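First the structure, in the form of structure tokens, and then the observations on it.
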Amino acid sequence: MSSLPDYYTILGVQKTATTDEIRQAYKRESLKTHPDRLAKPTDAERKAATEKFQVVADAYYVLSDPVRRRHYDSLYASKSYGDKSNDPKASANFFTGFANMFGTAGSANGTPSNGERPNAENVFADVFDELLRPEVERYAPWWSYLGAACGGGLGFIAANIPGLMLGAFAGNRLGAIRDAKGKSVAVVFSELGTEQKFQILRALAVKVLGSAL
């Protein structure tokens with residue numbers, strides 16, 4: 001490999017950074033680069049943001065795992081300053097070889113176990129799980145609506161209008177439980193519309209960065 005992606009610089013951390021510091025750096029940089037943080041991007045702007053967002057996920061995937069980080073550090077030490085790059089293409093080219101060499105073991109962080117490049121959206125949703133969960137559940141009312149409709153229909157058959165109201169309420173609550181527990185945060189977040197993601201990312205930016213992006 002002629003050019004090594006400088007994952008420490010990409011995340012803005014020192015080579016001596018702890019795992020927690022790397023996680024916090026990932027939160028900061030992923031919010032800054034997430035393509036859905038852009039309200040009305042052009043195709044070119046969205047493509048560039050997506051590439052940067054993926055590289056940030058690559059960096060976190062490598063540096064958050066002790067085994068992968070140790071292998072990466074060996075390569076990092078063997079390269080001169082001029083051989084390290086922040087170009088997204090460097091990460092794309094490097095990662096295939098890196099995954100083939102060291103990515104066969106399973107891992108957490110929403111990453112695959114077959115050595116493929118991590119899914120940036122899944123990594124993002126996993127790391128932000130505690131902050132995303134209440135937001136994505138608020139935007140996932142499908143089963144609540146279906147439960148209310150079915151419960152109301154059955155209630156009306158059994159006891160007319162009072163039964164309809166009671167059945168709709170019960171069905172809605174049961175549906176809400178299905179929404180909350182039936183899908184992972186990663187899946188629900190990925191299914192949201194761009195505008196919904198935009199609003200959630202703005203809210204997360206205030207919580208994590210102290211200001212909206």
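A cut-off under 9 angstrom between Cβ atoms defines the neighbours of Ala205, and their net charge, with Lys, Arg +1 and Asp, Glu -1, is +4.
Counting only protein chains, not ligands or nucleic acids, how are Thr50, Thr33 ordered by accessible area (probe 1.4 Å), most first? Let's see the in-between values first.
Details: Thr50 60, Thr33 25 Å².
From most accessible down to least: Thr50, Thr33.
Amide H contacts of Leu4: Lys84, Ser85, each under 5 Å away and 5 or more positions distant or on a separate chain (H built 1.01 Å from N in the peptide plane; Pro and chain starts excluded).
When the residues Lys15, Lys79 are ordered by accessible surface, computed with a 1.4 Å probe over the protein chains alone, the sequence from largest down reads Lys15, Lys79. Of all aspartates and glutamates in the structure, the ones whose alpha carbon falls short of 12 Å from that of Lys40, not counting any fewer than 8 places away in one chain, are Glu195.
Solvent-accessible surface (1.4 Å probe) assigned to Arg37 amounts to roughly 80 Å². Of the cross-linked pairs Lys47/Lys89; Lys27/Lys52; Lys89/Lys207; Lys32/Lys207; Lys32/Lys84; Lys32/Lys89, those separated by over 24 Å at the C-alpha level are Lys89/Lys207. I need the calculated FRET efficiency for the pair Ala44 and Val187, taking r as the beta carbon distance and R₀ as 35 Å, to the nearest 0.05. Here the calculated transfer efficiency is 0.75.
The values are calculated or read from the model by the stated rules, or taken from the named source; none is laboratory data. Computed from a prediction, not measured in an experiment: that's the story for all the values here. Reconstructed Cβ throughout: ideal geometry from the backbone, glycine too, with neighbour counts over all protein chains shown. Side chains included, ligands, DNA and RNA excluded: accessible areas come from the protein's heavy atoms. Shrake-Rupley method; radii C 1.70, N 1.55, O 1.52, S 1.80 Å.
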